[in-house]
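Quick notes on the structure that follows.
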Amino acid sequence: MKVIVIGGVAGGPSFATRLRRLDENIEILLVERGAHISYASCALPYYLGDTITDLDSLIERTPEILKNKNNIDVLVRHEVTAIDSATKQVTIKNLATQATYQEKYDVLVLAIGARAILPPIKGSETVKNGFALRNVTDAATIKSFIETKKPHQATIIGAGPAGLEIAENFRQLGMAVTVVDQLPTVAYPYDPELAEIMVAELQRNGVRLLLNETVTEIQDAGQKIILANGTSLETDLLIFATGVRPNSELAAAAGIKLAENHHIIVDEKLATNIPDIYAIGDVIQTTSYITGLPVPSMLSSAANRQGHLLADIINGAPLTYRGFIGTGVAKIFDLTISLVGYTENALKAAGITNYKTVLITPFDHAHFYPGAKRLNLKLIFEAETGKILGAQAVGERGADKRIGEISAAITGKLTVFDLPDLELPYSPPYSMTRDPVNTAGYVAINQLNNTIVTIKLADIPAADFATAFFLDVREADKPLAGTVEATKNIPLSVLRENLAEIPLDRKVYITFRKGLNPYNAARILAGKGVTALLIEE
């Protein structure tokens, strides 16, 4: 049997090497149009910032290694330009010589990934100092530009996690950095209350953020950027971090079915609609393990696991791909940001409304052990069942650990009712006797059992802003939080002594604050017969 793999970054090599370990006799050919295979693309921003100084160290396998160790033939700087599924052959072009030829296959695997989206901005075709960062060649080109041109001012178009990682690394080099995005906040799809923490960290480290702004024109070969409001920005270096789109044109031309978002549709065996053609990685649309809805699969970790699984399937194992969860992490200066599953932004985009949320801000480890910092953890779950839909965490330490634990809970189909029972490791330098994941479960259960009642700011009836009583329970030394103007501030520490000031003939809301204080205030009031609603913002 002959297997041809198109694409050699993440999923392709994972598939090919696993298949070789399963069967020594299969003929395997891997074709990659780039100059390198099997490299750590997520590490490229850190090469730009000199945290990683050896670019070669990011290349995990070379064609020579795959041939010598795994007996896998690899063609780099070769591109598959056509697939003929009727005759089961592909056309391959040598990008150095432009010569083409055909290769037969028994099984074809598409691991063709995605490419950067360059926005249709007037003047972008004339840019000489602009780059996108997707591969090793891009990183080497940008690094060479930095070393030779020595830019002082860098502008990044796009405030997603990838753009923010680049911003951090450019600041590490001493550049003045501006990030422009047409969305009102950073790191979409993270929700606003988590993103605002990232905004503060970016600004604290000297990153200039221009949000709710659109670039309408680029002038002077990339040296000047014009915004929709008429503002102009001077820049020496321009990075496009405006997202990616799947490399699915080859598949479409071969009659492979695509989704509306141009991703290749695969089934639970990672098979396309054409026999003996499979697809994995960034190019595919699969189903959400959480909701069963169609979702792209856009993580290198997922591509690696899909490649490993597909090799087992092709080798005859009775396995299926159970679906994409979506677990990610990124570093923004001293913060770790991490998420799993759906955010509120993503749920709204999917038309899902039957959910509840909790946001807690415990310490990342025991408060009495030096260095304890607040961890912001948001849990999202189904309103009727407590099924976990997603979570986000932002903090200096422990964010990725808690999201990993919740990802495992989702994989095991646990609900919020199970989270308090998780036996998680404790020692004062690392956690608390009741881990933040346990606490999130307790708070979620309180919501589901109506021990507390929460309401989103947008759901408060307009008339209530004129007639209801809005209670702020912050202590005197704490800053204001939220956007609702309080009727009265009664600190939690003296609430019991001042219950007479709470009206019994008006609806009572407790204004938004992070942490357990609003919950504790609601329980105090409930003990006195007052049902207070906690505002979520």
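The values are calculated or read from the model by the stated rules, or taken from the named source; none is laboratory data. As the structure is a computational prediction, the values presented were derived from the model and not from experiment. Cβ placement follows ideal geometry from the backbone for every residue including glycine, while neighbour counts extend to all protein chains displayed. Protein only, heavy atoms only, side chains kept; ligands, DNA and RNA dropped before computing areas. Shrake-Rupley method; radii C 1.70, N 1.55, O 1.52, S 1.80 Å.
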Leaving out ligands and nucleic acids, note down the accessible area per residue over the chain with a 1.4 angstrom probe, in whole Å².
45 Å²
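Keeping every protein chain in place, order ASP505, ASP282, ASP267 by accessible area at 1.4 Å, biggest value first, i.e. largest first. Don't skip to the answer; put the middle values down first.
On the way: ASP505 135, ASP282 35, ASP267 65 Å².
Descending order: ASP505, ASP267, ASP282.
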Nitroxide proxy distance, nm - points 7 Å out along Cα→Cβ at ARG374 and LEU55:
4.2 nm
P(r) of segment 269-425 in 10 Å steps, Cα pairs, percent per bin?
10, 34, 32, 18, 5, 1, 0
As a Kirkwood estimate from alpha-carbon pairs, segment 350-499 has a hydrodynamic radius in angstrom of 17.3 Å
Under 5 Å between amide H atoms, partner at least 5 residues away or on a different chain: which partners does LYS269 have, H built in plane at 1.01 Å?
TYR321
What accessible area, in Å² to the nearest ten, does a 1.4 Å probe give for MET298?
70 Å²
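Treating only the Cβ atoms of Lys and Arg (+1) and Asp and Glu (-1) as charged, compute the dipole magnitude of segment 302-394 about its Cα centre; round to the nearest 20 debye.
120 debye
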Mind listing the Cα extents of segment 1-135 along all three principal axes, in Å, largest one first?
48, 34, 24
Set the Förster distance to 35 Å, then compute FRET efficiency between ASP84 and LYS269 from the Cβ-Cβ distance, nearest 0.05.
0.95
Can you tell me the dipole magnitude for the chain around its Cα centre, using point charges on the Cβ only (Lys, Arg +1; Asp, Glu -1), in Debye to the nearest 20?
220 debye
Where in segment 100-126 is the amide nitrogen less than 18 Å from a point lying 7 Å along the Cα-to-Cβ axis of LYS149?
118-119, 121-126
With Cα atoms, 0 to 90° folded angle of helix 300-314 axis to the chain main axis
60 degrees
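Over segment 241-357, what percent of the accessible surface lies on carbon and sulfur atoms, probe 1.4 Å?
Working: 2550 of 4800 Å².
C and S fraction of accessible area: 53 percent.
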Note the full-extension length gain between ALA408 and THR231 as 0.36 nm times their separation in residues minus their Cα-Cα distance, in nm to one decimal.
59.0 nm
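Can you give the FRET efficiency to the nearest 0.05 for THR483 and THR451, using r as the Cβ-Cβ distance and R₀ = 25 Å?
0.45
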Give me the distance in nm between label points sitting 7 Å out from Cα along the Cα-to-Cβ direction at GLN203 and ASN498, one decimal.
2.9 nm
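Here is the link list: LYS378/LYS456; LYS224/LYS348; LYS69/LYS269; LYS356/LYS478; LYS456/LYS514. Which ones come out longer than 25 Å on Cα distance? Write down the numbers at each step before the final one.
Numbers: LYS378/LYS456 14 Å; LYS224/LYS348 36 Å; LYS69/LYS269 28 Å; LYS356/LYS478 27 Å; LYS456/LYS514 14 Å.
Going by Cα-Cα distance, LYS224/LYS348; LYS69/LYS269; LYS356/LYS478 fall outside the 25 Å limit.
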Under the rule of at least 5 residues apart or a separate chain, name every residue whose amide H is placed under 5 Å from the amide H of PHE131.
LEU238, ILE239, PHE240
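Quick one: with all protein chains in place, what share of the accessible area of segment 369-459 is carbon or sulfur, to the nearest percent (1.4 Å probe)?
Working: 2030 of 3920 Å².
Carbon-and-sulfur percentage of accessible area, whole number: 52.
Using Cα-Cα distances under 8 Å and only pairs 6 or more residues apart, what relative contact order does segment 215-344 have, in percent? If you can, show how the numbers build up before the last one.
Numbers: 190 pairs, mean separation 17.9, N = 130.
Relative contact order of segment 215-344: 14 percent.
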One finds, for THR141 and PHE465 with R0 = 41 angstrom and r their Cβ-Cβ distance, a FRET efficiency to the nearest 0.05 of 0.15
What fraction, in whole percent, of alpha-carbon pairs in segment 108-226 exceed 22 Å separation?
38 percent
Where does segment 128-187 land on the Kirkwood hydrodynamic radius, alpha-carbon pairs, in angstrom?
12.1 Å
Using θ = phi - 60° and the Karplus form 6.51 cos²θ - 1.76 cosθ + 1.60, what ³J(HN,Hα) does each residue of segment 438-445 get, whole Hz, x for Gly and Pro?
4, 4, 4, x, 4, 5, 4, 5
Taking a crude spin-label model, label points 7 Å out from Cα along the C-beta direction, the LEU319 to ILE117 distance in nm is 3.3 nm
Amide H contacts under 5 Å for VAL9, restricted to residues at least 5 apart in sequence or on another chain and with H modeled in the peptide plane, are SER38
How much accessible surface area, in Å² rounded to 10, belongs to the heavy atoms of VAL80 with a 1.4 Å probe?
10 Å²
Sequence-distant aspartates and glutamates (8 or more away, or on other chains) whose Cα lies within less than 18 Å of LYS128
ASP138, GLU147, GLU217, ASP220, GLU234, ASP236
Probe 1.4 Å, all protein chains present, accessible-area order of ARG245, ARG434, largest first:
ARG434, ARG245
Please list LYS122, LYS507, LYS378 from largest to smallest accessible area, probe radius 1.4 Å, with all protein chains kept in place.
LYS122, LYS507, LYS378
